[in-house]
Structure formats: C-alpha cells, structure tokens
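Undergrad: Take this structure, written in structure tokens, and hold onto it; I'll ask about it next.
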Amino acid sequence: MKNNTIVIMGSSNPMGNTYDVCSEIVKKTGYKFQDLMELVIMPYDYEYENSDDDFIGFMKHVVKNYDHIILASPVYWYSVSGTMKNFIDRFTDLLKVEKETGRELRGKSLQLISVSNSDDCPEEFAKPIERTANYLAMEWKGHTHFPVDEKGIMEERLGTI
Ligand SMILES: Cc1cc2nc3c(=O)[nH]c(=O)nc-3n(C[C@H](O)[C@H](O)[C@H](O)COP(=O)(O)O)c2cc1C
C-alpha cells in the first residue's frame, strides 16, 4: 500500500514522540504524512460557517489520492488527542454538506496508531475509531500501540504497519 497510504498525525507536539513514531513508519514505508497542526481545522460547527477552513480541501485531497488512512495519536487522558478528536468530529461535514467526499471514503481502510510512554494503552482507546470506520463503511485495519521509552520505538511493532 506504499503509494496510496497517508499517515495523519494529531499531537500537540510537532516534534514529539508521536512524530518520532510516524517518522520511523514513513522512513520504512514511504507513506505520505500530514501533521494536523499544520492545517487550520476549526471545531465542528452546526452552521458550517467554518467550511472555508482547511478541512474540506484536505479531505478531498485524501479521498482522491489515498486508499488507506492511518491516524496517529498520543494517548492523552486515556483517549485520542484533542487535535485528533476535533478532526474526527469534522467528519460530520462529510455526512451533511460534503456528502460526495464522504461517500468516497466507503471501501477505503482505516488504521490507528497510539503512542505513550508505557505499554499500558487503555483497551477502550481504539473503540470509537473502529466504530467510526464501521459507520463510514471503511474497512477497519486495527490498532497498534507504540510505547516510547528511553529504548526507543519497539521495532517489532513497526512490522504491523
Ligand atoms: C495532556 C496529556 C495527557 C496524557 N495522558 C496520558 C494517559 O492518559 N495515559 C498515558 O499513558 N500517557 C498519557 N500522557 C503521556 C503521553 O501519552 C506520552 O508522553 C506521549 O508519548 C506523548 O506524545 P507526544 O510527544 O506526541 O505528545 C499524557 C500526556 C499529555 C501531555
């Protein structure tokens, strides 16, 4: 899936642990990479007055160019980061005002990467993302947790990506 995969990162630290994991993955696979913090993505708005921010344009680019989407998030308070949750909330735009782009997600696949300092990732961490994939008729490709400690990224887990 080399050329049709994008890793989308939502971390508050643009050069932090999640970035380090993403960098290893990109180096190994050649996947494309996008840091959500480099885009202007406003919170979900019932009036869709934010529809001229970067979200719709980015998602049009994603559905046109990629079949496999990897979301990468640190574990913040047992859950995905606020940046990642904000991005996922905006998928609602794809069901309400940008339906054609939303329909194009069908049949694509979704995978989740989490990063923290320990191997103790909450078992419920991935469930909302898995259910989101199911709701959007995307194929769920599972969750891999990367504990980052002083010994660095666990090499064998890179094999699952
Ligand atoms: C706001 C915040 C909340 C966190 N909550 C958790 C948590 O619930 N469980 C955990 O294991 N680590 C938690 N951590 C630690 C981070 O998961 C860990 O430091 C991670 O590697 C940070 O990735 P980053 O450098 O991409 O931000 C938290 C860190 C922050 C900043």
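The values are calculated or read from the model by the stated rules, or taken from the named source; none is laboratory data. Owing to the predicted nature of the structure, the values given are computational and were not obtained by experimental measurement. Virtual Cβ from ideal backbone geometry, glycine too; neighbours counted across all protein chains shown. Heavy atoms of the whole protein, side chains included, go into the accessibility calculation; ligands, DNA and RNA do not. Shrake-Rupley method; radii C 1.70, N 1.55, O 1.52, S 1.80 Å.
Undergrad: Please give the per residue accessible area of the chain, computed with a probe of 1.4 Å over protein heavy atoms only, in Å².
TA: Numbers: 8640 Å² over 161 residues.
Result: 54 Å² per residue.
Undergrad: When the accessible area of the range 14-104 is split by element with a 1.4 Å probe, what percent falls to carbon and sulfur?
TA: Exposed carbon and sulfur together represent 51 percent of the surface.
Undergrad: On alpha-carbon atoms, Rg over Rh for the range 104-152 using Kirkwood Rh? Please report the intermediate quantities before stating the final value.
TA: Details: Rg = 12.9 Å, Rh = 11.8 Å.
Using only Cα positions, Rg/Rh for the range 104-152 is 1.10.
Undergrad: Next question, about the same structure. Quote to one decimal, in nm, the extra length available between E155 and S12 on full extension: 0.36 nm per residue of separation minus the C-alpha distance between them. List each step's numbers first, then the result.
TA: Details: separation 143, 0.36 × 143 = 51.48 nm, distance 2.41 nm.
Extending this stretch completely gives an extra 49.1 nm.
Undergrad: Please say if the range 51-141 is rounded, prolate or oblate, where rounded means a/c under 1.5 for a ≥ b ≥ c the square roots of the C-alpha gyration tensor eigenvalues, and otherwise the choice is prolate for a/b larger than b/c and oblate otherwise? Display every interim value, and only then the final one.
TA: Working: a/c = 2.13, a/b = 1.68, b/c = 1.27.
Prolate, since a/c reaches 1.5 and a/b exceeds b/c.
Undergrad: Now for a separate question. Can you give me the long-range amide H partners of F146? Hydrogens built in the peptide plane at 1.01 Å from N, cutoff under 5 Å, separation of 5 or more residues or another chain.
TA: Those qualifying (amide H under 5 Å, at least 5 residues apart or on another chain) are S114, V115, S116.
Undergrad: When DSSP beta bridges are limited to those with both residues in the range 2-158, what percentage is antiparallel, rounded to the nearest 5? Please report the intermediate quantities before stating the final value.
TA: Values: 2 of 25 bridges.
Taking every DSSP beta bridge with both residues in the range 2-158, the antiparallel ones total about 10 percent.
Undergrad: Scale the Cα Rg of the range 2-158 by the rule-of-thumb value 2.2 N^0.38 Å and send over the ratio, two decimals.
TA: Working: Rg = 15.0 Å, N = 157, 2.2 N^0.38 = 15.0 Å.
That works out to 1.00 for the range 2-158.
Undergrad: Roughly what angle does helix 54-65 make with the longest principal axis of the chain, taking Cα atoms, 0 to 90 degrees, to the nearest 10?
TA: Taking the Cα atoms of the chain, the angle to 54-65 is about 80 degrees.
Undergrad: Please list, by residue number, every one of the GluC sites (Glu not before Pro) in the range 39-141 that is coil in DSSP and has at most 11 other beta-carbon atoms within 10 Å. Can you show the working numbers first?
TA: Working: sites: E47, E49, E98, E100, E104, E123, E124, E130, E139; in loops: E47, E49, E98, E104, E123, E124.
Listed in order of number, the matching sites are E47, E49, E123, E124.
Undergrad: Are any of the pairs K28/K60; K32/K127; K60/K96; K64/K127 more than 22 Å apart by Cα-Cα distance, and if so, which? List each step's numbers first, then the result.
TA: Details: K28/K60 26 Å; K32/K127 25 Å; K60/K96 15 Å; K64/K127 27 Å.
As for pairs spanning more than 22 Å Cα to Cα, those are K28/K60; K32/K127; K64/K127.
Undergrad: For V148, V40, give me the order by solvent-accessible area with a 1.4 Å probe, most accessible first, ignoring ligands, DNA and RNA. Show your work: numbers first, answer last.
TA: On the way: V148 20, V40 80 Å².
Sorted descending by solvent-accessible area, the residues read V40, V148.
Undergrad: Just to make sure I understand: if all protein chains stay in place, what is the order of W140, W77 by accessible area at 1.4 Å, largest first?
TA: Details: W140 60, W77 215 Å².
So the residues, ranked largest to smallest area, are W77, W140.
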